[in-house]
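Visitor: My questions all concern the structure below.
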Amino acid sequence: MIGPNSKRSAQAQIAAQGEPMVWLSGGMFAIACLMILSLLAFVLWQGLWTLWPRNYSIYTRNDGSLVGGELYSKHFQDGQNKLYLRVGNYDVSNRHFAYVSSLELADQTPWADPDLWLVERKEWGNLYGFPKELSWTKTTQDHFADQVTQGMRETAKIDRQLAQAKNELKRIDGDIAEARLSIRRVELAEKVDLQRAVESGSVEGLSPAARRAIGQLADRNRRADDAMVQINERIAELEAKRSERSVLFELPIAQELGTLTAPWSELSAGVVGDVQAFAKLIGVESNASSPAISVEPVGKELLLCKVAVEDQSIRRFWIRRLGETTCSVSGLQEHTILLADVVRFFPTNRLGLFQRLGVYAGRWWEFLSGAPREAGMEGGFFPAIWGTVVMTIIMSMAVMPFGVLAALYMREYAKRGWLLSLIRISINNLAGVPSIVYGVFGLSFFCYIVGGYIDGGPKKAGFEPWPSAVWFSALGLLALVSLAAFAVAVLSGQAEARRSPLRSMLRWAGGLLWLATLVGIVWLLIKSPHFQGFYQAQLPNPTFGKGCLLWAALTLALLTLPVVIVATEEALSAVPNSLREGSYACGAGQWQTIHRIVLPYARPGIITGFILAMARGAGEVAPMMLVGAIPLATDLPLDGEFPFLHGSRSFMHLGFQIYSLGFQSQNSEAAKPMVYTATLLLLAIVTLLNQTAIWLRANLRKRFQSSQF
Amino acid sequence: MNRLKAIADGQTIESVIHQEVLARETVVSIRDFSLFYNRKQALYNISMPIVKGMVTALVGPSGCGKSTLLRSVNRMNDLIESVRIEGDMLLNGESIFAPSVDVIQLRKRMGMVFQKPNPFPMSIFENVVYPLRIDGQRDKRVLMQVCEQSLRGAALWEEVKDRLYESGLSLSGGQQQRLCIARAIASDPEVLLLDEPCSALDPIATGKIEDLIDRLRGEYSILIVTHNMQQASRISDHTAFMYLGRLVEMAETSTIFTRPTLSETEDYVTGRFG
Ligand SMILES: Nc1ncnc2c1ncn2[C@@H]1O[C@H](COP(=O)(O)OP(=O)(O)OP(=O)(O)O)[C@@H](O)[C@H]1O
Ligand SMILES: [Mg+2]
């Protein structure tokens, strides 16, 4: 009979049912899922949460001191809650963030004052405080928001004019630098020293070109002097206007005024017995209409006291219990900021959900489209996003032709053999080489050798040029070799259709000749005595001889080349041989078959490789540090300025930004929240690219789906 | 059975080719043709004619070299690096394997249909006119005309005339195979090479293709490989029986199936073999 008590051993039984394997593999699967999900959840949570406007809460410490901040995170450690507070007011407190232990706190429930405003500034980060006075108009707090908004509109106008003026200055500087460059070019071309002539202004005995260049410089200098005076005046005027408007805030930072004798029980009930003494202590005149004082408890031992003074503004004081009948009174530190520095402001503790969402959306918009402030800790990541995207696109445009053609040769043309296998294995291994190696190579080869060559010719790149005669004879030889290569190519093209022993011989000879031609061209280039570089006049300032967009893109292209080759090869080998045979049977040649049948069929796979390379390239950081990414770039690598694409500019890169913000900036602790947001962004971009790939591939696949039978 | 045994033992035997075949006009004549995959010999000194305007069937047990022989006629075996040949074939009296022959031109004179339908991943129209496209034909009118003519020739026109620009892969297996036949006759070849064209098809599709071959008879010279004896007897004019790389007997189909010279052939075609 067949049943559980048949003769099979229990072990065999279990093995046969395979139940434990199901559990084991299922468990592993669950763990893997969990790890991936928790990574995603972590980045998502941290990244999304950072920009959310929180309440600003004030905590009382055991020693009576106060600490206020936006609660960024809270974690349990060593038997205490550690609160991570964004305390802000950096210009006064000298820190952005602070850790507070729950053991230090006298009162675990903080006080969130509804009148407190958060001001995001262009400098010094967030300010938290109570608005007290606007310098340009005397109003109460009621119209504070309207007044500030209106004022900001005007200062924005001033800022725009200021930027314009500074641009003009920059343009004038550029013009003069250009004029100097043309003098330098003349110097290099004519091998003369024009320094003296430039200084003295006497141009006798100089060539017309030199005279023209010196004249131009003098002319531009003269005009610049006039213009500069005007512009500088205007700038000074604008700066003055800009600093006209300021806002006075009371910061929630206590400044002790003195002690007051009054029973605590009365005080905490809101009764200030000795008004005269209190008024004297806080420096307010008490007359017949004694100051209107209101007191509210904000903690077990802390009262917030609001005093309405004559001009109807309200001043705040802290009253802290010292004993049954004594307490200390503190005022709030005052601080003035320029209206022009304000980016965004809102009463953070009073916001409803929708207003909060509004602020959140506004911050995201700034994050995605704005320029960085505060060395990248605040503001936007647009230059980094832009730099990443532009660099990635150039990289893919560079890598695709090379990768696809190389794979095509290996899969369709090359003769199968040990050499090909060796090359294939090497390429596969190349994909595993640490990316920093590519960075080092990019720096030493692209930046220093190729870049140096472009800047200042062979000598700058470290090569000794040949004498002119030797070089020209080598050129003649090269011409002969390349002519021979061409002839052999034509011959073997004719022999192609035939089966002859000549064909393989011609192929070998042709290959060798082409190789020789290629090597010859490179050799002649680096040995040329007649090339002095395109940017010799700018030296010793490097133009291409340093890390820049072009070299970063090429380094990454090299790094992703194996990815593209492997993916393309896979795509090509997935093309059914029956299609190739069908094509040949129709009388198609090899290239026709490749071009009309193989490549279209392999296209989805090739595009997949392309996107994989893009995703890999977009996320690569290590080589970027060496070949062109910088933490803060003033100019975009692609902009509206001729020639639009600036290959020689350094650029900002999202991945590098994460690294430099989180680990290289002076205040990396404070930058951490931004790091998470940037990480989320990078993740989103890479996911977007991959998703596009999948969508594209699916769309292309549809065309090739066969409905067999 | 002794002849087949002799072949299996590696002995050389005389192929029996009936006079009635030799008397006809040939389009391809195979002359003492041998083929090697590396060391391994797949065809042994095959000599046989393929008669002009008629259907010649190649039959034989699996692995006996039918496909290899068929693929040699349009030199598809050139694509396999390890292949080496001896002997020659003549197409209308001109050598096929001479070094000076342009393979591409040669293949254009032959149409080939494979065992599994292999339509290209492009529209039905583009599939059919592919041989013209690679010749650089751009004239829409010519292409359309050839397309219709070939599809009619392959008995597919009525089924696809409204969906010419849909993917060739959207057709059924039988339709795909007829599409491949249409493609093979689009360049108006002299010889059609069919390698088990019906092996992947159901009886109805098979019937259609057999009708088609029947209609193409006379216009084209057809060499067809088949495992189906009934099919061979139904559609072919001549039948060649191969065994382990050798041609055993070749005669008019009626002769092969009713009164072959060799008892081995009779055993094979009546299914008493092996
Ligand atoms: N590419 C190849 N490389 C090496 N040997 C091959 C190759 N193709 C075929 N052969 C061998 O050549 C012999 C003949 O093969 P072929 O495909 O011509 O047989 P066939 O008669 O068509 O068989 P089937 O009826 O099964 O299609 C077989 O022994 C096979 O193993
Ligand atoms: Mg076969």
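Nothing in this text is a laboratory measurement; each read-out follows from the coordinates by a stated rule. Keep in mind the model is a prediction, meaning the values are calculated, not measured. Virtual Cβ from ideal backbone geometry, glycine too; neighbours counted across all protein chains shown.
Visitor: List the lysines whose Cα lies under 22 Å from the Cα of A:K415, skipping any in the same chain that are fewer than 8 positions away.
Guide: B:K40
Visitor: Under the definition of Cα pairs under 8 Å and six or more residues apart, what whole-number percent is the relative contact order of segment A:466-527?
Guide: Relative contact order of segment A:466-527: 47 percent.
Visitor: Any aspartates and glutamates with Cα under 12 Å of the B:K108 Cα? List them, leaving off those in the same chain fewer than 8 positions away.
Guide: Cα-Cα hits under 12 Å: B:D135, B:D188, B:E190.
Visitor: Out of the trypsin sites (Lys or Arg not before Pro) in segment A:132-229, which ones are loop residues according to DSSP with at most 15 other C-beta atoms within 10 Å?
Guide: When the trypsin sites (Lys or Arg not before Pro) of segment A:132-229 are filtered for loop state and at most 15 Cβ neighbours within 10 Å, A:K138, A:K191 remain.
Visitor: Is the shape of segment B:18-105 rounded, prolate or oblate, going by the alpha carbon gyration tensor and its root eigenvalues a ≥ b ≥ c, with a/c under 1.5 for rounded and a/b larger than b/c for prolate?
Guide: oblate
Visitor: With a ≥ b ≥ c taken as the square roots of the eigenvalues of the C-alpha gyration tensor of segment A:422-518, please select rounded if a/c is under 1.5 and otherwise prolate if a/b is larger than b/c or oblate if it is not?
Guide: oblate
Visitor: Just tell me which lysines come within less than 23 Å, Cα to Cα, of A:K166; anything on the same chain fewer than 8 places away is out.
Guide: Cross-link targets: A:K122, A:K157, A:K241.
Visitor: Mind jotting down the distance between the C-alpha centroids of segment B:174-207 and segment A:656-701, whole Å?
Guide: Using only Cα atoms to place each centre, the spacing works out to 54 Å.
Visitor: Given +1 on the Cβ of Lys and Arg, -1 on the Cβ of Asp and Glu, and no further charges, what dipole in debye does segment A:173-244 carry about its Cα centre, rounded to the nearest 20?
Guide: The calculation lands at about 280 debye.
Visitor: Okay, moving on. Which of the GluC sites (Glu not before Pro) across segment B:35-143 are loop residues per DSSP, with 12 or fewer other Cβ within 10 Å?
Guide: Loop-located and lightly packed - B:E81.
Visitor: Assuming a ≥ b ≥ c are the square roots of the Cα gyration tensor eigenvalues, decide whether segment A:6-161 counts as rounded (a/c under 1.5), prolate (otherwise, with a/b larger than b/c) or oblate.
Guide: Prolate, since a/c reaches 1.5 and a/b exceeds b/c.
Visitor: Let me ask something additional. Over chain A, what is the mean sequence separation of C-alpha contacts under 8 Å (at least six apart), divided by residue count, expressed as relative contact order in percent?
Guide: Once divided by the residue count of chain A, the mean separation gives 14 percent.
Visitor: Could I ask something else about it? Quick one: dipole size for chain B, taken about the Cα centre, charges +1 on Lys/Arg Cβ and -1 on Asp/Glu Cβ, in debye to the nearest 20.
Guide: Using only the charged Cβ atoms, the result is roughly 420 debye.
Visitor: Going out from 0 in 5 Å bins, what whole percent of all Cα-Cα distances in segment A:466-527 drops into each bin?
Guide: 4, 20, 23, 18, 13, 10, 7, 4, 2, 0
Visitor: Do the sum for chain A: with -39,500 (n - 2.57) for every DSSP H run of n ≥ 4, divided by all residues, what is the mean residue ellipticity at 222 nm, to the nearest 500 deg cm²/dmol?
Guide: -18000 deg cm²/dmol
Visitor: Right, here's the next one. Among DSSP beta bridges lying fully in chain B, give the percent that are antiparallel, nearest 5.
Guide: If we restrict to bridges inside chain B, about 55 percent are antiparallel.
Visitor: Taking segment A:51-94, which chymotrypsin sites (Phe, Trp or Tyr not before Pro) meet the DSSP loop condition and have no more than 16 other C-beta atoms within 10 Å?
Guide: Taking segment A:51-94 and a limit of 16 other Cβ atoms within 10 Å, no loop chymotrypsin sites (Phe, Trp or Tyr not before Pro) are found.
Visitor: Please arrange B:R246, A:R350 by counting, for each residue, the other beta carbons lying within 10 Å of its beta carbon, fewest first.
Guide: A:R350, B:R246
Visitor: Okay, moving on. Place a +1 charge on the Cβ of each Lys and Arg in chain A and a -1 charge on the Cβ of each Asp and Glu, then give the dipole magnitude about the Cα centre in debye, rounded to the nearest 20.
Guide: Using Cβ point charges on Lys, Arg, Asp and Glu, chain A gives about 3840 debye.
Visitor: Then there is this: Can you give the direction-averaged projected area of the convex hull of the alpha-carbon atoms in the protein assembly as shown, in nm²?
Guide: 67.5
Visitor: Please report the spacing between the Cα centers of segment A:524-554 and segment A:380-459 in Å, no decimals.
Guide: So the separation of the two Cα centres works out to 19 Å.
Visitor: Which listed residue (A:G370, A:G456, A:S207) has the Cα farthest towards the positive end of the charge dipole for the protein assembly as shown, taking +1 on Lys and Arg C-beta and -1 on Asp and Glu C-beta about the Cα centre?
Guide: Going by the Cα projections, it comes out as A:G456.
Visitor: Using only helices, what value at 222 nm comes out for chain B when you add -39,500 (n - 2.57) per DSSP H run of length 4 or more and divide by the total residues, to the nearest 500 deg cm²/dmol?
Guide: For chain B, the value works out to -9500 deg cm²/dmol.
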